[in-house]
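The values are calculated or read from the model by the stated rules, or taken from the named source; none is laboratory data. Bear in mind the structure is a predicted one, so any value in this text is a computation, not a measurement. Backbone-built Cβ (ideal geometry, glycine too); neighbour counts: all protein chains shown.
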Amino acid sequence: MRIIGVDPGLARVGYGIIEIENEKKILLDCGVIETGKDKKEEDRLYEIFKDLNKLINHWNPTVAAVEKFFFYRSSTTISVVQARGVIMMVLASKKIHVSEYSPAQIKLTIAGSGKASKKEVLDAVMNNLELNKAPTPDDSADALAIALTKLNEDGIN
């Protein structure tokens with residue numbers, strides 16, 4: 001099984017790709033898709049579309065996990081929702097099954113508390129994947145936590 005975890009955003013989309021081989025979790029890739037603030041929003045959304053397609057074509061994940069978006073008052077809310085729509089569209093176009101998780105659900109599953117700190121989640125990600133060095137930037141670590149949540153849901157601890 002190969003899974004892609006995605007942490008949606010307009011400026012940065014975090015991604016993490018994990019493979020399960022003989023019940024061992026192997027980190028294949030993680031990072032961010034970054035879009036320039038100097039570009040028009042539609043160009044930034046198209047950049048996410050192209051780059052995510054390229055990642056999926058390269059790694060061929062079988063399932064995906066995406067963080068759910070909870071509305072709050074912010075000037076970037078609509079932009080993030082639009083970026084998330086692009087992400088969901090790309091995954092659907094590739095016929096990849098998507099599971100969605102709230103931030104509290106991810107924290108609870110990964111770190112044992114729905115109110116876990118960023119550091120507690122990061123430590124749990126590093127422990128689960130047996131990493132010596134923290135994945136950077138934070139968006140990629142968050143995407144790995146999202147992917148690990150899916151694996152835990154499927155009973156792969």
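Yes or no: D123 surrounded by fewer than 13 Cβ atoms within 10 Å (Cβ to Cβ), farther than 18 Å from V6 by Cβ, at pLDDT 95 or above and of a type in the set (D, E)? No; evaluated as a whole, the condition is false for this residue. If only residues of segment 55-68 that are under 14 Å from V13 (Cα atoms) and not hydrophobic (A, V, I, L, M, F, W, C) are counted, the one that is modelled with the lowest pLDDT is K68. Can you tell me which condition L52 does not meet? The list is (1) more than 17 Å from D142 (Cα to Cα); (2) at pLDDT 95 or above, and all the others hold. Going through the list (1) more than 17 Å from D142 (Cα to Cα); (2) at pLDDT 95 or above, L52 breaks only (1). In segment 126-149, of all residues being in a helix (DSSP H, G or I) and of a type in the set (A, V, I, L, M), the one that is surrounded by the fewest Cβ atoms within 10 Å (Cβ to Cβ) corresponds to M126. Inclusion of E120 among residues that are more than 17 Å from the chain's Cα centre (by Cα), not in a loop (DSSP other than H, G, I, E, B) and not aromatic (F, W, Y) is warranted. Cβ separations smaller than 7 Å between residues 6+ apart or across chains give the following pairs from segment 23-34 residues that are surrounded by fewer than 14 Cβ atoms within 10 Å (Cβ to Cβ) to residues that are charged (D, E, K, R): I26/E19. None of D38, D7 is among the acidic types (D, E) and farther than 14 Å from L144 by Cβ except D38.
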